[in-house]
Amino acid sequence: MEWRALILLFTGLGVIYMFSLLQDMPYPHPAKRHVSAPSSFQHTHPNVTVLSVAGGYVYHTAIWYQVPRWNTLRLGSTGKVGHLRQQRQPLMAHVQNTTLDVPWEPVHDQILDGVISQYSILGHGGIEFAVLYHILDDDVLQHWIRVFYLPNDANIDTALSYKDIRLPGSTWISAFSLEEDGILYSRDPDQVRFRWATFPNHFKDAPHSMQALPIVLQSSQLGDPIKERHQPAGIVDHRTALAKVHASVPNAIRMVTLDIFRTRTTFFVDSIIADNASIAADGSPQWKPRYRTPSERISVLMDDTMEYMAFVDGVHFQHERVQLETPDVYIARSAKSKVVVMSTLRNVFYSWVHTSRSELVEMHPKAHEYAYREKDKVLPEFNLWIDGQAGSDEYDGTLQGVALDDAGHYLAAWNTMDSIFIYHRPDLQASAESYEDLLVDWHRVMVIPPQDDPSYQVHRVKFVELEGQRFLLVGLKNGVVQSYALDEYETPPPVNLWTFIKYEWYLWLPMSIVVFFFVLNEMQYSSRSHA
């Protein structure tokens, strides 16, 4: 009978409407301040975009790892080189609420002598970023790093300058990290986990850029040796990242490494902190591991539940084993590296937070064994490891990068869906009464959703603080830079049926299909009964 089909229809629509009322309240959206003009020279999308703020300017740098170069024969079979283009605008043009656009001022347009393989961003102490490129000279592979910095003799109009540094050896560089006073890097293969190369004295003094002679480093300081227990057997893929973390011990270098090893069946995630605060018998610094995180093991295969619908029988479930890809590791650092965040598997963040409250660590029944000791004395500092679950399963897509503000209180993460998630972690160093009080995880406070524009592809995010106000710069793949005021919010869309239909279509569409086929089946049954 027709009334039974109507009951099914209105019941199904009522369930969909009920789901629309159960929507989560949207997170606050920071107010947009400015949208710059696209880059005037960017004809193809770069591999990397870097945003730097120095000397009152916003620097936009586009980096292409490999581009054709036809006027040389010394580059080997690939015939390709790295390309870098940099431009700048006054910072005030990005933080003021104005539609007046200032043209980009070209700064650098460089063709390097070899292909680029990696980059590292610091953005503190006048050292901004660096790229690693490789030159094949006869039979010797040379590894060069071009470091961009703000010169010590800078005036109001001085632009970023650069110097080229050649690292010792020819073994492949698997990862590197730019620091204020040198370069951390790891080689593959190697007998030590990392190496340290110190910048020459007066590195940021004149001459600069093309007038400066290349710096050739003859040696580097070796890190702690690789032990058999540092890696599993049967490795088929490997990702590594390393960075300096804050140490208050004078002249000491403390660093953290994160490794993701992949075997045929399992991912292994390991992280180790080491420093050279110890003194050997001959008076030289001695590298010593300080802390190792519990090894995390995750299956390469993940159960993915696939849903399919039968016309009458309802919804069925089919389990499928999906093989996970080895993710890239992204790093973000606060000023002085007092907070360092690294991404791992499943969008999880590993955070290292420096604290001087070592007495809370010493008093904890389990954590006290990890306190930093030197000659039976507890050092007055500790680098807390926070196994943050803030990013785990909170969003779709693959993580594409992370960024920290200078204080280390705000974290931004963006993904392949072009959404930007902003997290906050309060500073409880002074008020903490126990070790657990220090282990505060990140919690999400704001979201910048993707835009309905195919050219909107997030490439880089940069925090800026100016006169007590906080801003966020977003660099897009097409060269546009957008700015947001983090202390101001736009009115979020209301939570109603229309927003449910517009934004949650992946929920109501399959529900509507199920309702449609149940109603259709009931109408066909009623027709056969009347016949």
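The values are calculated or read from the model by the stated rules, or taken from the named source; none is laboratory data. Just so it is clear, the model here is predicted, and its values are computed rather than measured. Don't worry about glycine lacking a Cβ; one is built from the backbone with ideal geometry, like all the others, and counts go over all protein chains shown. Side chains are part of the model used for accessible areas, which takes the heavy atoms of the whole protein and leaves out ligands, DNA and RNA. Shrake-Rupley method; radii C 1.70, N 1.55, O 1.52, S 1.80 Å.
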Self-check item: Filtered residues of region 248-282 (kept if of a type in the set (D, E, K, R), open to solvent by 20 Å² or more (accessible area, probe 1.4 Å) and outside any loop (DSSP other than H, G, I, E, B))
Solution: 259, 262
Quiz item: Within region 215-230, which residues are surrounded by 14 or more Cβ atoms within 10 Å (Cβ to Cβ) and either of a type in the set (D, E, K, R) or closer than 27 Å to residue 382 by Cβ (or both)?
Solution: 221, 222, 223, 224, 226, 230
Practice problem: Check region 361-376 and report whether any residue there is aliphatic (A, V, I, L, M), in contact with a helix residue (DSSP H, G or I) (Cβ under 8 Å, 6 or more places away or on another chain) and surrounded by fewer than 14 Cβ atoms within 10 Å (Cβ to Cβ). | Solution: yes
Practice problem: Check off (1) crowded, with 20+ Cβ neighbours inside 10 Å; (2) under 23 Å from the mean Cα position of the chain (by Cα); (3) of a type outside the set (A, V, I, L, M) for residue 181 and give me the number that stays unchecked. | Solution: (1)
Quiz prompt | Positions within region 355-378 being within 22 Å of residue 286 (Cα to Cα), part of a loop (DSSP other than H, G, I, E, B) and touching a residue at least 60 places away in the same chain (Cβ under 8 Å), in sequence order | solution = 372
Quiz item: Which residues, counting only those in region 235-280, are among the basic types (Lys, Arg) and without any contact (Cβ under 8 Å) to a residue 40 or more places away in the chain?
Solution: 264
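Count, please, the residues in region 104-127 that happen to be farther than 30 Å from residue 246 by Cβ and not in a strand (DSSP E or B).
First, the residues of region 104-127 that are farther than 30 Å from residue 246 by Cβ: 104-115.
So of that shortlist, the ones also not in a strand (DSSP E or B) come out as 104, 112-114.
Number of matching residues: 4.
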